[in-house]
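Notes follow the structure.
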Amino acid sequence: MTFDTQIDRRGTDCSKWDLMERAFGVPAEDGLAMWIADMDFAPAPVLQDAMRGLLERADYGYFCGLESYEDAIIGWMRDRHGWTMDRDWMFTTYGLGNGIAITLNALTEPGDEIAIFSPVYHEFANKIRKTGRVVRELPLVIEDGIYRMDFDAYDGMLSGREKMIIACSPHNPAGRVWSQAELSGLAAFCQRHDLMLISDEIHADLTFAGHRHIPMHVAAPEITDRLVMTTSASKTFNIAGGRTGCVTIPDPELRARFFKFFNALDMQPNLMGVALTRAAYSTEGAAWADALCAYLEENATRFIDGVNAIPGLRAMPMQGTYLAWVDFADTGMARAEFSDRVYGSAKIATTPGHTLGQGGESFLRFNIGTNRARIDEAVTRLADAFKDLQ
């Protein structure tokens, strides 16, 4: 695998690299893009083969044959995660942001409150607001250096107007892989308060040694009647441009409600996304994903060790994903000051923690899905930007 190869994505209309100056004032010429959650690696060879196949076939019209695409998803979830799916449960959406927005529109009403465990991926709150629903933040707590859900506290924080929870499993931004006990606790909480649950499992494949992702339907089959699962190959294989996600609803009544709204949109899968997903969820794709996880785990070790050696900075331990969560609270600086040092002095574009909700105010999120030379360069730049604290 060629994960160490440095890919220059500047000037290619890559959002991560070509928008960082507009977003953060970090210049493209010598800045490091470590914000948007996609990676800088060359595509898996099996994906390139799939795209060449499309070119050679030279037919971009209406298409059929979705059974093989669905079989690939079903086989991947069964073999990699121990989850037995049924093709009748599945809906293909234009990525998972679109899938979550459709689910909110189909299963809740404007004005309903939707709970999230913050800090969490900022698009959850954005989608809730865009659909006319109300965000209810349930703050995660830090115990032994990692995030945990505090259901006893949450019981007293609900207004009674909540209809649904959106949970991120594994967790973005902190790379937390939830345990069976934690997922069972989440299921019990949903039952106790009569809440539907969207389990966003887009980072499911990206786990490190000693940690295993458990699909929510496997962890808590007792909440099938209130469960919506969202999955995609897009994060694992860096194919977000394929705009293809899978919303899976095992319960027939819930599925019928979703289908009524979904069907009115007259949505159809796109050819490129189907081809890329089918190729990704293959034997060759599995081997590539295994190598990727090993590389990301070493990146995480290097980055976290390097950051933790800088006085005032503390990186949360990672159990998966390629999103590192760094706390600047011990610098004693206000958010504007430590952000200016990162964006201005270090010239690193990162995701501001406060945009991910309560508890993120002193944090920045760093995307470590890049070659190791850039990881080392980022640590060096951070150490230099905060050298007066050493």
Looking only at residues that are among the polar types (S, T, N, Q), open to solvent by 10 Å² or more (accessible area, probe 1.4 Å) and in contact (Cβ under 8 Å) with a residue 40 or more places away in the chain in region 352-374, which one is farthest from D330 (Cα to Cα)?
T355
Answer from A309, A279, A324 - the residue that is touching a strand residue (DSSP E or B) at 6+ places or on another chain (Cβ under 6 Å) and at pLDDT 95 or above
A324
Out of the residues in region 13-33 that are at pLDDT below 95 and touching a helix residue (DSSP H, G or I) at 6+ places or on another chain (Cβ under 7 Å), state the one that is farthest from T370 (Cα to Cα).
P27
For region 24-51, give me each residue that is surrounded by 15 or more Cβ atoms within 10 Å (Cβ to Cβ), touching a Lys or Arg at 6+ places or on another chain (Cβ under 7 Å) and over 21 Å from G95 (Cβ atoms).
V26, A28, G31, L32
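Only one residue in G185, G175, G156 is small (G, A, S) and buried (at least 20 other Cβ atoms within 10 Å of the Cβ), so which one is that? Give the derivation first.
Working: G185 fails: buried (at least 20 other Cβ atoms within 10 Å of the Cβ); G156 fails: buried (at least 20 other Cβ atoms within 10 Å of the Cβ).
Only one candidate passes the filter, namely G175.
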Number of the condition not met by T84 [criteria: (1) surrounded by 15 or more Cβ atoms within 10 Å (Cβ to Cβ); (2) of a type in the set (S, T, N, Q); (3) closer than 30 Å to E253 by Cα]:
(1)
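Just need a number here: residues in region 1-13 that are of a type outside the set (A, V, I, L, M), open to solvent by less than 60 Å² (accessible area, probe 1.4 Å) and over 19 Å from A233 (Cβ atoms).
Going through region 1-13, the residues of a type outside the set (A, V, I, L, M) turn out to be 2-6, 8-13.
Retained after the next criterion (residues that are open to solvent by less than 60 Å² (accessible area, probe 1.4 Å)): 3, 9.
From the residues that got through so far, the ones that are over 19 Å from A233 (Cβ atoms) too are 9.
Adding up the residues that qualify gives 1.
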Filtering region 14-23 down to residues that are surrounded by 10 or more Cβ atoms within 10 Å (Cβ to Cβ) and either in contact with a strand residue (DSSP E or B) (Cβ under 6 Å, 6 or more places away or on another chain) or free of Cβ contacts under 8 Å to residues at least 60 places away in the same chain (or both) yields C14, S15, K16, W17, D18, L19, M20, E21
Report, ordered by the first and then the second residue, all pairs with beta carbons closer than 9 Å, sequence separation of six or more or different chains, a first member in region 48-61 that is under 17 Å from W288 (Cα atoms), and a second member that is surrounded by 10 or more Cβ atoms within 10 Å (Cβ to Cβ) and of a type in the set (D, E).
D49/E284
Taking region 310-364 only, how many residues are more than 21 Å from E377 (Cβ to Cβ), touching an Asp or Glu at 6+ places or on another chain (Cβ under 8 Å) and of a type in the set (A, V, I, L, M)?
1
Just to be sure, is E377 farther than 30 Å from A167 by Cβ, surrounded by fewer than 17 Cβ atoms within 10 Å (Cβ to Cβ) and in contact (Cβ under 8 Å) with a residue 12 or more places away in the chain?
yes
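When region 244-267 is examined, which residues are found to be without any contact (Cβ under 8 Å) to a residue 60 or more places away in the chain and open to solvent by 50 Å² or more (accessible area, probe 1.4 Å)? Steps first, please.
Filtering region 244-267 down to residues without any contact (Cβ under 8 Å) to a residue 60 or more places away in the chain leaves 251-253, 256, 263-264, 266.
Answer for region 244-267, where residues must be without any contact (Cβ under 8 Å) to a residue 60 or more places away in the chain and open to solvent by 50 Å² or more (accessible area, probe 1.4 Å): P252, E253, A256, N263, A264, D266.
Tell me whether region 246-268 contains one or more residues that are touching a Gly at 6+ places or on another chain (Cβ under 6 Å) and under 23 Å from D71 (Cα atoms).
Residues of region 246-268 touching a Gly at 6+ places or on another chain (Cβ under 6 Å): 247.
Now narrow it down to the ones that are under 23 Å from D71 (Cα atoms): 247.
Yes, some residue in region 246-268 is touching a Gly at 6+ places or on another chain (Cβ under 6 Å) and under 23 Å from D71 (Cα atoms).
Listed here are the residues, each with its yes/no results for (1) open to solvent by less than 50 Å² (accessible area, probe 1.4 Å); (2) free of Cβ contacts under 8 Å to residues at least 60 places away in the same chain; (3) of a type in the set (G, A, S).
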residue: G99; (1), (2), (3): yes, no, yes
residue: N105; (1), (2), (3): no, no, no
residue: A115; (1), (2), (3): yes, no, yes
residue: K127; (1), (2), (3): yes, yes, no
residue: K130; (1), (2), (3): no, yes, no
residue: L138; (1), (2), (3): yes, yes, no
residue: V141; (1), (2), (3): yes, yes, no
residue: D144; (1), (2), (3): no, yes, no
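The values are calculated or read from the model by the stated rules, or taken from the named source; none is laboratory data. The model shown is predicted, which means the values in this text are computed figures rather than measured ones. As a convention, Cβ positions derive from the backbone with ideal geometry for all residues, glycine included, and neighbour counts pool all protein chains shown. Side chains included, ligands, DNA and RNA excluded: accessible areas come from the protein's heavy atoms. Shrake-Rupley method; radii C 1.70, N 1.55, O 1.52, S 1.80 Å.
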